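Enquirer: Sharing a structure here in structure tokens format.
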Amino acid sequence: MMHNLLVTGGAGFIGANFVLYWRKKYPDQRIVVLDALTYAGNPESLAEVRHDSGFSFIQGDIRDSSLVEKILIDHDIDTIVHFAAESHVDRSIHGPDLFLDTNINGTHVLLRSARRIWLKGEGRSHRFHHVSTDEVYGSLGPHDPPFTEKTPYAPNSPYSASKAASDHLVRAYHHTYGLQVTTSNCSNNYGPFQFPEKLIPLILINILENQPLPIYGDGLNIRDWLYVEDHCRGIDLVLQQGRVGEVYNLGGVNEWTNLNIVRLICGLLDERFESSPELGPRFPNSPAACGKASASLITFVTDRPGHDRRYAIDAEKCRTELGYIPKESFESGIQKTVDWYLNHEEWWRRIVDGSYRDWLKKQYGT
Ligand code: NAD
Ligand code: TYD
């Protein structure tokens, strides 16, 4: 039934992966990306599909009601997949206001616009899919059972609180107005195109650049990691088979302490430098290029305030209702991710060097 998708935040990490996944799987369907190109948005992540006839990119803000309504009408949108958000916990601690505005008000503008356009008169068939996070459920102790869709909300950071509020608005628009919604709450993602402020790309790049690898607190906080393409497949399944009004938890059943993840990446890069002699001259400052262990860069730093100890997802509902099982093992997913960052230095170099905005202006006039 889905033909014309509006993907918000499609120039961000997961949104871009989703667009590429969707174009490949459903080449006949049309996609419009609406993205404000904040610091985290990068149209270059969509370069592969930029010139496709069924693809349009609109630079704009989800908080701009008239723009959103115009897009829904002009492009005859029947499905919204809503990724756009401020997404980094550390930034939310330093500046919560923007998180509330983008994540709460932005989601509300989308819902209100969808209601106005889709439910007018007799209404039309439609779907509003909201992409959310497992962080809304708060923090688990070491022996607590993982989060189910029934776990009470207990967000601890301004980021997770703003996402929790947006989840509630999505729910309310279904119950009050009959908007056809689904929500997915996913665990930590990793993979290509992730902005290098998040743990895995940050560690990878810092090793290549001989920078300290900052571990917050004791490094024993646990996250449940999912390869980004598996997240995209999960959203696809929810769109195709999910029940309207329902929430689905997506996770990798793959819990790791931060310290072990960092050690794993260090070991992988040491191996890569040993087996690929061209890496030494490309990254001469990296410890691995001088025969030293990447792990020598590990540095324990002051903990993040309110740092959640553990997240873990109970993926039973998705497994039984949707037949969802992640395809990528962590071992293969992290290898792919290391390869992607080694093979796409240009992509991250511009961001890390800070030349990204100037370059964007030249390329895209934005
Ligand atoms: P990201 O920060 O990489 O990308 C966010 C995108 O949204 C950027 O392209 C940005 O330009 C855009 N954006 C921000 N404000 C906007 C606005 N006002 N109008 C239009 N566009 C705007 O984020 P991500 O990691 O790709 O996360 C995408 C979604 O998935 C978020 O809703 C996040 O809460 C959720 N999520 C992320 C993870 C994760 O591990 N990264 C896990 C679970 C859920
Ligand atoms: P992050 O990638 O920011 O995702 P989230 O906070 O949404 O889970 O961080 C993942 C984990 O890694 C989290 O427990 C915080 C920790 N972390 C560090 O120890 N050092 C860092 O430099 C960063 C960015 C994160």
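Enquirer: Once the other residues with Cβ under 14 Å from the Cβ of P146 are scored (Lys, Arg +1; Asp, Glu -1), what is the net sum? Walk me through the numbers before you get to the answer.
Expert: Numbers: positive: K150, R223, R309, R310, K317, R319; negative: D134, E135, D144, E149, D224, E255, D308, D314, E316.
So the surrounding residues net to -3.
Enquirer: Let me ask something else. Using DSSP to call loops (not H, G, I, E or B), can you name the GluC sites (Glu not before Pro) in region 77-167 whose Cβ has at most 12 other Cβ atoms within 10 angstrom?
Expert: Numbers: sites: E86, E122, E135, E149; in loops: E86, E122, E149.
Answer by residue number: E122.
Enquirer: Further question: Largest first and to the nearest Å, give the Cα extent of region 39-93 along each principal axis.
Expert: Taking the Cα atoms of region 39-93, the three principal extents are 39, 29, 17 Å.
Enquirer: Further question: Can you tell me the length gained on complete extension of the stretch R319 to D76, counting 0.36 nm per residue apart and subtracting the Cα distance?
Expert: My answer for the length gained is 84.2 nm.
Enquirer: Explain nothing, just the number: dipole magnitude of region 94-221 about its Cα centre with +1 on each Lys and Arg Cβ and -1 on each Asp and Glu Cβ, in debye rounded to the nearest 20. Can you show the working numbers first?
Expert: Numbers: 10 positive and 11 negative charges, 172 e Å.
Roughly 820 debye for region 94-221.
Enquirer: So how far apart, in nm, are the two label points at Y153 and T38 if each is 7 Å from Cα heading toward Cβ?
Expert: Going by the 7 Å Cα→Cβ label model, 1.8 nm.
Enquirer: Let me ask something else about it. Using modelled amide H (1.01 Å from N, peptide plane; none on Pro or chain starts), what sits under 5 Å from the amide H of V33, excluding residues fewer than 5 places away?
Expert: V7, S56, F57, I58
Enquirer: For R310, enumerate residues with amide H under 5 Å from its amide H, sequence gap 5+ or separate chain, H modeled in the peptide plane.
Expert: Correct list: L140, I222.
Enquirer: With the cut-off at 1.5 for a/c, could you classify region 129-200 from its C-alpha gyration tensor as rounded, prolate or oblate? Present the calculation step by step, with values, prior to reporting the outcome.
Expert: On the way: a/c = 2.07, a/b = 1.33, b/c = 1.55.
In terms of gyration-tensor shape, oblate.
Enquirer: Excluding A84 itself, what net charge comes from residues whose Cβ is under 10 Å from its Cβ, given Lys and Arg +1 and Asp and Glu -1? Don't jump to the answer; show the numbers that get you there.
Expert: On the way: positive: R63; negative: D35, D61, E86.
Residues near A84 contribute -2 overall.
Enquirer: Springs between alpha-carbon pairs under 10 angstrom, Gaussian network model over the chain: which of S157, S296, S275 fluctuates most?
Expert: Looking only at S157, S296, S275, the largest GNM fluctuation is found for S275.
Enquirer: Still on this structure, I have one more. Please list, in chain and number order, the residues 5+ apart from F195 or on another chain whose amide H is under 5 Å from its amide H, with Hs placed from the backbone.
Expert: When sequence neighbours closer than 5 places are left aside, the close amide H contacts are F13.
Enquirer: If you don't mind, there's one more thing I want to ask. Which residue fluctuates most in the GNM of the chain (Cα springs below 10 Å): P145, P158, P196?
Expert: Comparing P145, P158, P196 in a Gaussian network model of the chain, the most mobile one is P145.
Enquirer: Between E122 and R282, what is 0.36 nm times their sequence separation minus the Cα-Cα distance? Round to one decimal in nm. Mind dumping the intermediate values first?
Expert: Working: separation 160, 0.36 × 160 = 57.60 nm, distance 6.13 nm.
Separation in residues times 0.36 nm, less the Cα-Cα distance, equals 51.5 nm.
Enquirer: Follow-up. Quick one: what does P(r) look like for the chain with 10 Å bins over all Cα pairs, in whole %?
Expert: 5, 24, 34, 25, 10, 2, 0
Enquirer: Right, next: Pull out a ≥ b ≥ c, the square roots of the eigenvalues of the alpha-carbon gyration tensor of region 114-269, then state rounded if a/c is under 1.5, prolate if not and a/b is larger than b/c, and oblate in the remaining case.
Expert: Since a/c reaches 1.5 and a/b is larger than b/c, the shape of region 114-269 is classed as prolate.
Throughout, read-outs are computed from the coordinates displayed, never taken from laboratory work. This structure is a prediction, so every number in the text was calculated from the model and none was measured. All Cβ positions, glycine included, derive from the backbone under ideal geometry; neighbour counts span all protein chains shown.
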